[in-house]
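Undergrad: Got a structure here, written out as structure tokens. Questions coming.
The values are calculated or read from the model by the stated rules, or taken from the named source; none is laboratory data. As the structure is a prediction and not an experimental result, all values here were calculated from the model. Cβ: placed from backbone, ideal geometry, glycine included. Neighbour counts: every protein chain shown. For accessibility, only protein heavy atoms count, side chains too; no ligands or nucleic acids. Shrake-Rupley method; radii C 1.70, N 1.55, O 1.52, S 1.80 Å.
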Amino acid sequence: MSVNKDHIGGLIFLVLSVTYGYYAQRIPMLPGDEFEPFHAQTLPIALSYLGGILGICMLVTSKGSAGNKFNIAGLDFLLVAKLLANIVLFAVALEWIGFTLATILFLVAGYWLLGERNIKTLLIASVPFAVGIWFMLAKLLDIYLAPGRLFSGFGG
């Protein structure tokens, strides 16, 4: 069996999903929540199962590289580093500018790093998704999303 970048990616995705699932089961719940159909652990555990299934599918369906036992040529580690830096900046921005604006900026920067340069496309791909997620979390599920330190002084 030859190992290629698809195998490595699938294995990393599988390990991250299993680790996420382990920690998702350790999320504290309020008394009585264990009897509710949806609680603090439900979505993270479902995402970890989905990630595990996708990781296994990536491992099973990846095609081996002919001849090379271990091939990491063609991996763009600089792009990976930039995307990881984008994630860290998103985490910092959440506290300061709030969920919606931080998510929009995170998505725009991620798409930009991946090669999309059309501003209209960047905004159409980012703004509706971020607003839709905000609407589902804040309005439908009634989850409080802080507006951010910069905006918390305005209007309240």
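Undergrad: Can you send over the solvent-accessible area of residue 142, 1.4 Å probe, protein chains only, in Å² to the nearest 10?
TA: 130 Å²
Undergrad: Carbon-plus-sulfur fraction of the accessible area of the chain, 1.4 Å probe, in percent?
TA: The computed percentage sits at 73.
Undergrad: Here is a follow-up. Taking R0 as 22 Å, what FRET efficiency do you get between residue 56 and residue 80 from their Cβ-Cβ distance, rounded to the nearest 0.05?
TA: The pair residue 56/residue 80 has a calculated efficiency of 0.50.
Undergrad: Can you tell me which of 6-12, 35-41 comes out highest on packing, and rank the rest after it, using the mean Cβ neighbours within 10 Å?
TA: The peptides rank, most packed first, as 6-12, 35-41.
Undergrad: Something else now. Tell me the mean residue ellipticity at 222 nm calculated for the chain from its helices only (DSSP H runs of n ≥ 4, each -39500 (n - 2.57), averaged over every residue, nearest 500).
TA: Result for the chain: -20000 deg cm²/dmol, rounded to the nearest 500.
Undergrad: At 1.4 Å probe size, with every protein chain present, just tell me what the per residue accessible area of the chain comes to in Å².
TA: Here the residues of the chain average 71 Å² of exposed surface.
Undergrad: Between residue 118 and residue 141, what FRET efficiency comes out of the Förster formula 1/(1 + (r/R0)^6) with R0 = 41 Å and r the beta carbon distance, rounded to 0.05?
TA: 0.80
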